[in-house]
Structures are given as structure tokens and as C-alpha cells.
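See structure below.
The values are calculated or read from the model by the stated rules, or taken from the named source; none is laboratory data. As the structure is a prediction and not an experimental result, all values here were calculated from the model. So basically every Cβ, Gly included, is an ideal-geometry build from the backbone, and we count neighbours across all protein chains shown. For accessibility, only protein heavy atoms count, side chains too; no ligands or nucleic acids. Shrake-Rupley method; radii C 1.70, N 1.55, O 1.52, S 1.80 Å.
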Amino acid sequence: MPSTAAAQGVLSAEQHTELATRLGRWRRQPLSPEELAELLPRIADPDLALAVGERLGMAGPGAIALILELCSDGGCSLPLIRALGICHHPQARDQLLQWLHQAGELRPAVLEALACWGQEIDLSIIESALAAPAQAERLAGLALLTFRSRSLSTEALLTLTQPLLNDLRAEVVIATLRLLQRRQEPEILAVLDSCIDADQLPGVAETAIQALGCIGSQDSCRLLLARMRQQQPSRLDTCIRRQLQAQVRHRAWLEQQLRAQNLTL
């Protein structure tokens, strides 16, 4: 069992190499969940431990007893967080929630591992993550919100995400825009359109344009057409034209609009 394995001591350098090779030959030489659980506490290399944790989680709900025993013996660690997040067992969710408030610097990883249970997680946990100053925690909160985004009202969704659109980090703003593109209410479209500005953070305006293109409704196409009329030849103009050219579903309507406005793609 895991506690016995840990007592055997850390793997030698040669054993680490052998294990890494074995993982690389997984299809031909797979390790059983029991073998993975016995090895994990003895691995000193963080990357190798993470790979073993992932493989243990991929064994599915049937491996939960082994994973929980490792959690009891070793406490919160990145390999076990990853294993719990991948195995999709209700007890894995409960263990992650138990760790959440004591995870310290691993809190973003715990939140990310909880993402597949986003529909079941208390909304206050998501709100707390979105309000956290750390980028990793905000991105994890957005991953959690992805599973709730369609069940929230437009007003509630925009209330949660508006502060993130004002974040000074492009990664946070871009992730927020990609979340919002899952909806197509007029208020959402207006927010996406407002982010099309050459003075935005790098990649933000382009992502907003792509989001409107991905929504692919006539209303989103109207906004892109309006933006195209305003743009001088530029990278944003090129991006807008590319998205409009990809609108196969509304091709006939779009061609009619272009002729009426004396525009060409």
C-alpha cells in the first residue's frame, strides 16, 4: 500500500530513469493503479511525480481509494491534486474542497482541478477566485465559471466578469472574452464589441473580434460590419474581414449587406 511504499525510500536516479522510460512506453508496458500508487510517494522528480499522478487519475473512479489513501498519508500536493481532478469521482471533489482553504500557493491548482464540477461548486467559491489578485487564481475561477456560464442570467454573468475585463493582464481579459463568446445576448455582444480597440492590451481586440465571429449570429455580424466601416487598413481590419469571410451560415445575407453598404471583403 502507499504508506508501505513510502517507507521503502526515494527512488534512485536509475529507478527514476527506468520509470520515465516505462511511462513513455505506456501502451506496451502499462503500470497498474496499484503500482502507480506505490511509486508516487517515492518519486523525487516533480515532473515525473506529476506524470504518475496524472496516470493514476486516468485510471478513473476505480482508483479513488488508492488516491485518497495517498492524500491521507502525504497531504496536499500537485500530483495528487491532478489525480483527483482527472479521476472524476465525487469523493475526489470532496477532498479537493477540503483542501481548498488550506492549499496556500496550490490553491489555483485545486480550483483548476475542481473545474469539471463547476456546476456543483458553490458560487461563492467562484466569486472568491475571480476577485483574487493572483492571475492563476482568476484564470482558475474562469475555468470553474465556464461550467456555470449558461445557467446564469446575463446580468449575473456580466457582474462577475466585468472586473476581469478591466484587468491589466491580457491573459485574464482574453480568457474572459472566450468565456463570454459562449453566449449571444445583445448585452454580451455589446461588451465584446466594446473591446475592439487598437489601444487594448496585446491580443485583446483580436480576441473580441474572433469571439463575435465564433458567435456567428446576424447581430454579431452587424457589429463586425459596423467595425469594418470604421477601420482604416490595419491588423484589426484584416482580422474583421477574416471573420466575416468565415460566416458561411449567413453568406447570402452578408453579401446583401455588403452590396447595400458598398463594402467588399
Please determine, by comparing only the residues of the stretch 78-116 that are touching an Asp or Glu at 6+ places or on another chain (Cβ under 9 Å) and of a type in the set (Gly, Ala, Ser), which one is nearest to Leu36 (Cα to Cα). Ala83
Looking only at the stretch 163-190, how many residues end up being polar (S, T, N, Q), out of contact with any Ser or Thr (no Cβ under 7 Å at 6 or more places or on another chain) and touching a residue at least 12 places away in the same chain (Cβ under 8 Å)? 1
Condition met for Glu69 (closer than 30 Å to Asn166 by Cα and open to solvent by 10 Å² or more (accessible area, probe 1.4 Å)): no
Within the stretch 15-29, residues being part of a loop (DSSP other than H, G, I, E, B) and open to solvent by 70 Å² or more (accessible area, probe 1.4 Å) number 4
Considering only the stretch 129-161, state which residues are of a type in the set (S, T, N, Q) and touching a residue at least 12 places away in the same chain (Cβ under 8 Å). Gln135, Thr146, Ser149, Ser151, Thr154, Thr161
Residues that are open to solvent by less than 40 Å² (accessible area, probe 1.4 Å), in a helix (DSSP H, G or I) and within 24 Å of Gly24 (Cα to Cα), drawn from the stretch 72-93: Pro79, Leu80, Ile81, Ala83, Leu84, Gly85, Cys87
Output the number of the condition that Ile121 fails; it satisfies all remaining conditions of (1) over 16 Å from the mean Cα position of the chain (by Cα); (2) assigned to a loop (DSSP other than H, G, I, E, B); (3) among the β-branched types (Val, Ile, Thr). (1)
Need a quick list: helices (runs of 4 or more DSSP H) entirely within the stretch 130-236 having at least 1 residues that are over 27 Å from Leu263 (Cα atoms), open to solvent by 70 Å² or more (accessible area, probe 1.4 Å) and not charged (D, E, K, R). 154-165
